[in-house]
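J.: Take this structure, written in structure tokens, and hold onto it; I'll ask about it next.
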Amino acid sequence: MLVVTRIIGLMTLMLALSGCMSDMIAEADKAPARQDQIVLVGKMVISPDIPQYVATGLRDPLGLGKKYAENRVGTAFSTQPVKPQGMFLYGNENRALPLSQTFFITVPRATLYLQEGVYSLNTAGMSQIKLPGGLRTRMPAGAQVAYVGTVVYRRDDFYTITSTTVRDEFARTLPEIRAKYGADVTVGKALLHRF
């Protein structure tokens with residue numbers, strides 16, 4: 001009975017949040033025309049990789065959690081260095097970024113802070129890996145697109161993050177940026193770093 005109550009509670013929460021987080025996964029299809037915005041490009045990986053049998057574990061029968069989980073990192077890029085605990089408190093700064101794939105998101109042209117995040121080990125969101133924040137980047141002047149690097153979360157055998165580093169894969173990512181936005185787009189490097 002307790003399990004049924006928890007599942008019903010989780011589904012109610014997902015329904016309530018689905019309306020206020022509708023653009024959480026939105027990808028930037030074109031370079032922003034507004035001067036106060038910029039496209040952020042990067043990648044997030046957990047190393048070593050999560051085994052497939054763990055990553056697909058429990059299924060969400062109604063598909064309510066699929067939008068926010070299913071191989072995505074839930075996090076936020078905020079203009080404030082520290083936000084309250086819990087990813088659902090960040091408002092329109094929430095992002096569901098694809099794990100181990102390049103992301104393209106439109107953000108304010110400002111100093112941005114990567115907040116704590118989560119990776120759900122299943123689409124029901126009942127088992128999660130907490131991902132530390134504490135990284136900052138400043139947007140390059142005049143750029144339409146800013147490359148922030150590949151955030152590598154190292155984990156142990158118990159799925160606890162033990163370290164966070166940022167790899168510079170700019171040369172490998174630049175052709176992907178040019179293919180998406182064209183050869184004329186202005187790209188700057190703004191690697192995330194500890195603050």
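The values are calculated or read from the model by the stated rules, or taken from the named source; none is laboratory data. A quick note: this is a predicted structure, and the numbers were derived from the prediction, not measured. We place every Cβ from the backbone using ideal geometry, glycine too, and count neighbours over all the protein chains shown. These area figures cover heavy atoms from the full protein model, side chains too; ligands, DNA and RNA do not enter into them. Shrake-Rupley method; radii C 1.70, N 1.55, O 1.52, S 1.80 Å.
J.: May I ask you to list the residues in region 160-190 that are among the basic types (Lys, Arg) and more than 18 Å from Gln101 (Cβ to Cβ)? It would help to see each step written out before you state the result.
T.: Going through region 160-190, the residues among the basic types (Lys, Arg) turn out to be 167, 172, 178, 180, 189.
Within region 160-190, just Lys189 meets the criteria.
J.: Scanning for something touching a strand residue (DSSP E or B) at 6+ places or on another chain (Cβ under 6 Å), open to solvent by 30 Å² or more (accessible area, probe 1.4 Å) and in a helix (DSSP H, G or I), does region 185-194 turn up at least one residue?
T.: no
J.: Continuing with the same structure: Which condition number does Gly74 fail, the rest of (1) at pLDDT 90 or above; (2) closer than 17 Å to Val151 by Cβ; (3) buried (at least 16 other Cβ atoms within 10 Å of the Cβ) being met?
T.: (1)
J.: Within region 155-174, count every residue that is among the hydrophobic types (A, V, I, L, M, F, W, C), closer than 25 Å to Phe104 by Cβ and either in a strand (DSSP E or B) or open to solvent by 80 Å² or more (accessible area, probe 1.4 Å) (or both). Spell out how you get there, then give the answer.
T.: The initial filter retains those residues of region 155-174 that are among the hydrophobic types (A, V, I, L, M, F, W, C), namely 158, 161, 166, 170-171, 174.
Pick out the ones that are also closer than 25 Å to Phe104 by Cβ and you get 161, 166, 170-171, 174.
From the residues that got through so far, the ones that are either in a strand (DSSP E or B) or open to solvent by 80 Å² or more (accessible area, probe 1.4 Å) (or both) too are 161, 166, 171.
Of the residues in that region, 3 qualify.
Residue-wise test of (1) closer than 18 Å to Ile105 by Cα; (2) among the basic types (Lys, Arg); (3) modelled with pLDDT under 95; (4) touching a Phe, Trp or Tyr at 6+ places or on another chain (Cβ under 6 Å).
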{"site": "Gly142", "(1), (2), (3), (4)": "yes, no, yes, no"}
{"site": "Gly149", "(1), (2), (3), (4)": "yes, no, no, no"}
{"site": "Tyr153", "(1), (2), (3), (4)": "no, no, no, no"}
{"site": "Asp184", "(1), (2), (3), (4)": "no, no, yes, no"}
{"site": "Gly188", "(1), (2), (3), (4)": "yes, no, no, no"}
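J.: Okay, moving on. Please go through region 18-54 and give me each residue that is at pLDDT below 85 and touching a helix residue (DSSP H, G or I) at 6+ places or on another chain (Cβ under 7 Å), ordered by number.
T.: Selection gives Lys30, Ala31.
J.: Looking at (1) over 17 Å from the mean Cα position of the chain (by Cα); (2) closer than 28 Å to Ile50 by Cα, which one does Val187 not meet, given that it meets all the others?
T.: It fails just one condition, (2).
J.: While we're looking at this one, here's another question. Of all residues in region 134-154, count the ones that are open to solvent by less than 10 Å² (accessible area, probe 1.4 Å) and part of a loop (DSSP other than H, G, I, E, B).
T.: 1
J.: Considering each residue of region 140-161, count those that are under 18 Å from the mean Cα position of the chain (by Cα) and not hydroxyl-bearing (Ser, Thr, Tyr), and give that number.
T.: 9
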